[in-house]
Amino acid sequence: MVLDIKSPSSFITKVSTISRKSNELRTVKLRVVYKDGFFYLTRRNKDSSWYKNLLKNQYAEIEINNNLLKGEASEMLDEKEKLEISKIKFADERSYEQRFGFRLGIREKIK
């Protein structure tokens, strides 16, 4: 699948995860990073619903250029990788703050 996205880049888009409580899709807008064929979802703590949802169920959907894609997320554990992604996401002092996140690999196009 060819995506017309510059790598690396950072942008805001819709991301859907499966609610750990209702088992239904929940959608939020997030600033994501795209690099080398993967999407990266990061934040400063693990307190958000989308983060907790991905810890329980790794399925996610992401909207890119009016296409809906589904993928599988894996938690980022490598501190060097998290710092690299933060430097793409932020051009200020936030790029050096501790981050938590997921790497999202796309499996197929839904629409």
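Of everything in segment 6-50, what is in contact with a Gly (Cβ under 8 Å, 6 or more places away or on another chain) and within 19 Å of Glu97 (Cα to Cα)? Give them in sequence order.
Tyr40, Leu41, Thr42, Arg43
Picking from Ile88, Ile62, which residue would you name as being in contact (Cβ under 8 Å) with a residue 40 or more places away in the chain and within 24 Å of Ile18 (Cα to Cα)?
Working: Ile88 fails: within 24 Å of Ile18 (Cα to Cα).
Exactly one of Ile88, Ile62 is in contact (Cβ under 8 Å) with a residue 40 or more places away in the chain and within 24 Å of Ile18 (Cα to Cα), namely Ile62.
Starting from residues that are farther than 15 Å from Tyr40 by Cβ and among the aromatic types (Phe, Trp, Tyr), keep the ones in segment 58-111 and report whichever is surrounded by the most Cβ atoms within 10 Å (Cβ to Cβ).
Looking at the filtered set, the residue picked out is Tyr59.
Does Tyr96 count as of a type in the set (Phe, Trp, Tyr) and at pLDDT below 95? Lay out the reasoning, then the answer.
Working: of a type in the set (Phe, Trp, Tyr): yes; at pLDDT below 95: yes.
When the stated conditions are applied, Tyr96 passes them.
The values are calculated or read from the model by the stated rules, or taken from the named source; none is laboratory data. These figures come from a predicted structure and were not determined experimentally. Don't worry about glycine lacking a Cβ; one is built from the backbone with ideal geometry, like all the others, and counts go over all protein chains shown.
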